[in-house]
Amino acid sequence: MKENYLRVENKKQKLLREFQNGKIDRRTFLTRLAALVSLSVVSPSLMRCKRQNERNQEVFSEKRWNILNIVQNHLFPSDKDSPGAKDINAAFYLQNVLLDPQIDSDDKEFILNGLDWTEETADELLSDSLLNLNKDDIEKVLRNMAEYQWGENWLSEILIYIFEALLTDPIYGGNPNGIGWKWLQHDPGLPRPNEKNRYGVL
């Protein structure tokens, strides 16, 4: 199972690089990613479902939670024709990922530390908290981070989980009411997971 998970994760990273390098357009990227997410039904990133209005203090402090939302909403904003990170419950989905006991502890630590590093970058670059910045200044902070390998890797991880939240079955906390599927005109196929056979129960 772990080997299959690693293969799928490597394919996701390769696909993301193709998208970032302009080799494929956004719709092609998301369509191919949808197929990969469908393959990862047993992936550790498909978590047990939790109430979507619940924030677990053991995973995120209030400050980290707010930074995560700012970063996700900046990377994947809503507009009149497409859902954004907030609409697809990207933060709650990532919370569920980090709550899974099977997640690699180094991966979890990297994601959480990245939130702190983002705040440190805002302070070093603009002498202010990310929580106080406008859209243009947030862009400056994230672009500055992307100039470093750790920053590029962290932002890529956050993007991957946003896209998973867009494409996952709603039972795992993202993509409420299939909003991402409807936007992409994606048919998830059958059978879909339910409370008895979802990941974390079997």
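None of the figures in this text is laboratory data; all of them are computed from the coordinates on show. As the structure is a computational prediction, the values presented were derived from the model and not from experiment. Glycine gets a Cβ as well: all are built from the backbone with ideal geometry, and neighbour counts include every protein chain shown.
What the phi angles of the stretch 178-183 give under the Karplus curve with 6.51, -1.76 and 1.60, with θ = phi - 60°, is a coupling list of x, 4, x, 4, 5, 4 Hz, glycine and proline written as x. Placing R0 at 35 angstrom, the Cβ-Cβ distance between Leu126 and Gln185 gives a FRET efficiency of 0.30 after rounding to 0.05. Just tell me which lysines come within less than 22 Å, Cα to Cα, of Lys182; anything on the same chain fewer than 8 places away is out. Answer for Lys182, where 22 Å is the Cα cut-off: Lys12, Lys80, Lys86, listed by chain and number.
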